[in-house]
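What follows is a short report on a single structure.
FYI, it's all coordinate maths here, none of it is from the lab. None of the values given here were measured: they were computed from a predicted structure. Because the Cβ atoms are built from the backbone with ideal geometry, glycine has one as well, and the counts that use them run over all protein chains shown.
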Amino acid sequence: MELQFAGQATGTVEVADDIFSCAFNEPLIHQVVTAYLAGGRAGTAAQKNRAAVSGGGIKPWRQKGTGRARAGTIRSPLWRTGGVTFAAQPRSYQQKVNRKMYRGALRSILSELIRAERLYIVDSFSLDTPKTKDFIAKISPFNLGARVLIVTEMLEENLYLATRNLSFVDARDVSAIDPVALVNNDSILITVGALKQIEELLQ
């Protein structure tokens, strides 16, 4: 695989073909990305059904002879302050995705990023100062898209501080990458060390 700087190849790096040359498996990627997003939902919405609201221990009035509609409890959903008919209850939106499927989806995504020339590999990426303008000056030579994901072996403090105020830049270390981050960004800038760590994780 080629090392790229400013859109130009400056060297090569050896990587495993079974990880970075996989076929594009769109159904698998869709399933894994959907499951990842679903797992991030809180699922804390809660309403009271007729069993949870207070009151209603006695029939409001007798069944016949009053001229009013029959009623058995003031907790009925038809009444004001009554229970909700189909009350939302706390639930988990988690979907099961086994390790083999998750790793397979990451392999497919990375392989497609390489084919689409959206993965930029550099020897190292660090900043001497935690300033956003210095980061912009350093990244300007790269021909990157509108949204950029930067992946390093370890997220340095200067890089974190310089990019945290930029909505179009996401800086992470290898342990924090996920399918959604890889899919949502236009370009991925990754160091050789981080690439080797990912290769070990996906073996």
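Straight-line reach from Lys196: which aspartates and glutamates fall under 15 Å, measuring Cα to Cα and dropping same-chain residues less than 8 apart?
Correct list for Lys196: Glu2, Glu14, Asp17, Asp18, Asp123, Glu153, Asp173.
FRET efficiency for Val13 and Ser54, Cβ-Cβ distance as r, R0 = 41 Å, nearest 0.05? Walk me through the numbers before you get to the answer.
Numbers: r = 67 Å, r/R0 = 1.64.
About 0.05, to the nearest 0.05.
What order do you get for Met154, Met101 when you list them from fewest to most C-beta neighbours inside 10 Å? List each step's numbers first, then the result.
Working: Met154 12, Met101 15.
Final ranking by Cβ density, sparse to dense: Met154, Met101.
Output wanted: per-residue J couplings in Hz (rounded whole) for the stretch 126-137, from phi through Karplus 6.51 cos²θ - 1.76 cosθ + 1.60, θ = phi - 60°, x for Gly and Pro.
8, 10, 7, 10, x, 10, 5, 5, 5, 5, 4, 5
Compute the relative contact order of the stretch 46-89 as a whole-number percentage, counting only Cα pairs closer than 8 Å that sit 6 or more residues apart in sequence.
Working: 64 pairs, mean separation 22.5, N = 44.
Result for the stretch 46-89 is 51 percent.
Dipole size in debye (nearest 20) for the chain around its Cα centre, Lys and Arg Cβ +1, Asp and Glu Cβ -1? Please list the in-between numbers first.
Details: 25 positive and 19 negative charges, 624 e Å.
Here the chain has a charge dipole of around 3000 debye.
Could you work out the local net charge near Ser111, counting Lys and Arg as +1, Asp and Glu as -1, over the other residues with Cβ closer than 14 Å to its Cβ?
Numbers: positive: Arg103, Arg107, Arg115, Arg118; negative: Asp17, Asp18, Glu26, Glu112, Glu117, Glu199.
So the surrounding residues net to -2.
Please order Phe24, Phe86, Phe142 by the number of other Cβ within 10 Å, starting at the fewest.
Numbers: Phe24 12, Phe86 8, Phe142 16.
Result, fewest neighbours first: Phe86, Phe24, Phe142.
Any idea what the relative contact order of the chain is, in percent, if you count C-alpha pairs under 8 Å spaced at least 6 apart? Please report the intermediate quantities before stating the final value.
Numbers: 318 pairs, mean separation 50.2, N = 203.
Taking the mean separation of contacting Cα pairs over the length of the chain, I get 25 percent.
Taking the Cα atoms only, what angle lies between the long axis of helix 26-39 and the longest principal axis of the chain, rounded to 10 degrees?
With both axes taken from Cα atoms, the answer is about 60 degrees.
Between helix 192-201 and the chain, what is the angle of the helix's C-alpha long axis to the longest principal axis, kept within 0 to 90° and rounded to the nearest 10?
50
On full extension of the chain, what length is gained from Lys133 through Phe168, given 0.36 nm per residue of separation minus the C-alpha to C-alpha distance? If you can, show how the numbers build up before the last one.
Values: separation 35, 0.36 × 35 = 12.60 nm, distance 1.43 nm.
Once the chain is fully extended between Lys133 and Phe168, it gains 11.2 nm.
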